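Heads up, the thing below is written out as structure tokens.
Just so you know, all these numbers are worked out from the coordinates, no wet-lab data involved. Note that the coordinates shown come from a computational prediction; the quantities given were computed from them, not determined experimentally. For neighbour counting, all protein chains shown are included, and Cβ atoms are generated from backbone atoms with ideal geometry for every residue, glycine included.
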Amino acid sequence: MKEVSAMRQIPIKMTFFFQLHPIIATIFFGELIVLTMLFNHVAVALTGIVSLMIINVFYLGRHAAWQQLKFNGVLFFMIVFFNVLLNQKFSPFLWKVSTGFFTFKLSYPALLYGITMGIMLTEMLMTFALLNTILTANKLIYVFAPITPKLALLVTISFNLVRDLIKRFGQLLLLQKTRNLDTTTGSLPTRLKKILSLFQILLEDSLSSAMETANLMDARGFGAAKRTHYRSYRFNPTDWFFLMVTTAAFALLLFVRINAMGWTNSVADFNTILFTGDLYPMVLLGSFTLMPLIAEGVYHLWTN
């Protein structure tokens, strides 16, 4: 525990993950984003989100990870709510109520499917939050500018969009409280209406800011000539070793997915949290997601 605590006190710019070559880090995040959409069983999704939460706490800190989790929690419950509301034909039913012409059935498969979809979205948002910390704008431009400068600009703006959404969502919540408009009080439909209005403001503001940034960069001649990089990135043996291990784990996960483990096509088949064969993707996904933290520990022991 003392070694883990000591590792966490290291500034993030001195960590192994931050010092990883930008191309290797980009490949890792690309694989991780694919994996967040590859498995839709509850147990596998829970393994992924717990692993992501652990590394987010380590690299972003408890406060930032908690604030992000609260923001993602709103989206999670919205997805579960609408999924349960729109899928009421799959048995077994946990609860049933009728009022006039409306009959609501709480379908167990729909509930599990909604939980899984919510977790998968949360995983992706948590991945982008970590990506924005590890892959700075200069690193992203370094990776994508050789392909095309405009692609580098588009990728940088897109990745920063998630971070801006989370930051401005917190600011909007504080502003609403100063106007005596609390999104945590009132009935569920009232709270959903308040939150949806906030998301509309968020999207409009973030997209307009992104367009303004793109226009300013274009006006300044971004992409007219090759960008000068004031820092050179060189591959180290540890970069190649990290790439080989993570790519091998990613290939194994693809093999597991091809063999229909960790995935169900129909909502009606969601009748349990743990399916047969889920253990393989759970172990592999957890190991892959925690690989930066494992490498951090090995790097820390090696350098000391």
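Once the piece of chain linking Val283 and Ala248 is laid out straight, how much longer is it, given 0.36 nm per residue of separation minus the C-alpha distance between them? Present the calculation step by step, with values, prior to reporting the outcome.
On the way: separation 35, 0.36 × 35 = 12.60 nm, distance 1.39 nm.
Length gained, Val283 through Ala248: 11.2 nm.
Based only on Cα atoms, what Rg/Rh ratio does segment 43-147 have, Rh being taken as Kirkwood's radius? Please report the intermediate quantities before stating the final value.
Numbers: Rg = 18.6 Å, Rh = 16.0 Å.
Answer for segment 43-147: 1.16.
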Completion exercise
Taking the alpha-carbon centre of each part, the distance from segment 45-98 to segment 229-304 in Å is 21 Å
Exercise for the section: Tabulate in residue order the Karplus-calculated ³J(HN,Hα) for segment 241-255, using 6.51 cos²θ - 1.76 cosθ + 1.60 with θ = phi - 60°, rounded to whole Hz; enter x for Gly and Pro. Expected result: 5, 4, 5, 5, 5, 5, 5, 5, 5, 5, 5, 5, 5, 5, 4
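On full extension of the chain, what length is gained from Leu75 through Thr103, given 0.36 nm per residue of separation minus the C-alpha to C-alpha distance? Provide the component values of the computation, followed by the final result.
Numbers: separation 28, 0.36 × 28 = 10.08 nm, distance 2.53 nm.
Result for the pair: 7.6 nm of gain on full extension.
Taking R0 as 30 Å, what's the FRET efficiency between Leu94 and Phe199 from their Cβ-Cβ distance, rounded to 0.05? All intermediate terms of the calculation are to be shown ahead of the outcome.
Numbers: r = 29 Å, r/R0 = 0.96.
That gives a FRET efficiency of 0.55.
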Exercise for the section: Subtracting the Cα-Cα distance from 0.36 nm times the residue separation, let me have the gained length for Asn271 to Ala137 in nm, one decimal. Expected result: 43.9 nm
Problem - Inter-label distance, nm, simple model (7 Å from Cα along the C-beta direction), Val298/Phe255 - result: 1.9 nm
Fill in the blank from the handout: Sorted largest first, the C-alpha extents of segment 80-131 along its principal axes in whole angstrom are 49, 20, 12
Practice task
Enumerate the calculated ³J(HN,Hα) couplings along segment 24-30 in order (Karplus 6.51 cos²θ - 1.76 cosθ + 1.60, θ = phi - 60°), each rounded to whole Hz, writing x wherever the residue is Gly or Pro.
Solution key: 5, 5, 5, 4, 4, 5, x
